[in-house]
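The values are calculated or read from the model by the stated rules, or taken from the named source; none is laboratory data. Quantities reported herein were computed from a predicted structural model and do not represent experimental measurements. Don't worry about glycine lacking a Cβ; one is built from the backbone with ideal geometry, like all the others, and counts go over all protein chains shown. Protein only, heavy atoms only, side chains kept; ligands, DNA and RNA dropped before computing areas. Shrake-Rupley method; radii C 1.70, N 1.55, O 1.52, S 1.80 Å.
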Amino acid sequence: DQHGLHERDLDYKDKQNYDAVLHMIRASELLSNIPDATGTKCYIELMQCIVDSYLNKSLDPLTRIKKVWYVVFFLRYWRQWILLCPQYTLQNNFITNNAYTCIELNAHALILFLLTVRDNCISDSFLPWRLGSQSCEKSFRAARSMTSTFSTINFGMLGLLRRLHRLQIQANLQAEANITGIIFPRADKHRSKDGQSSYIKHSLEEVTDESILEAVRIAQ
């Protein structure tokens, strides 16, 4: 009645269950009251930093860099410590090599993306949450939800195009909610999961190479 987790959230076999990550992040504060849960809480905090660095719309660019590079340095130290201790192995006591490599690439990519947007004077295009695949996943989930309840038939390209037209109408209605007064509780609930309902525009005029380097140093 407090953590709000589902049984499927703890099923490690489901590698595509991204919602489980958000559920665990929201429940991480409860771990403070559980003995010997410091490691688990720290691990979930790393997950939250990774999610926030790209998906939290309210963060400024330098805070995003601090968060993702904090995770990078943490994992580097953790990995090196395991290599120095013969009783532990990377296979059994560390995250997967694929996940580790992805985090490193995402950290470097975030800086390159920021520099590209800043140097080309297109600050309105610094929207890192648009770079991931989650928006595409949500679109396909929404398209599948338009199939009848007991239908198991997969739709093809024509079926997708028809659903995209309906999704566009739905998106337009949600975007005009402030004008029309129409309330979409489910849409607001999904957007609030990762800070999507609190978009704050930040200027890139004060983001210099020195400030980026300082942000990385602070993360270390």
| remark: Of the listed residues (50, 65), the one being open to solvent by 40 Å² or more (accessible area, probe 1.4 Å) and within 19 Å of the chain's Cα centre (by Cα) is 50
| query | Does residue 70 fit the bill of being open to solvent by less than 40 Å² (accessible area, probe 1.4 Å), aromatic (Phe, Trp, Tyr) and in a helix (DSSP H, G or I)? | reply | no
| note | For region 98-126 the number of residues that are at pLDDT below 85 and either in a helix (DSSP H, G or I) or within 21 Å of residue 72 (Cα to Cα) (or both) is 3
| request: Determine whether residue 96 is without any contact (Cβ under 8 Å) to a residue 24 or more places away in the chain, within 17 Å of residue 212 (Cβ to Cβ) and exposed (fewer than 13 other Cβ atoms within 10 Å of the Cβ). | output: no
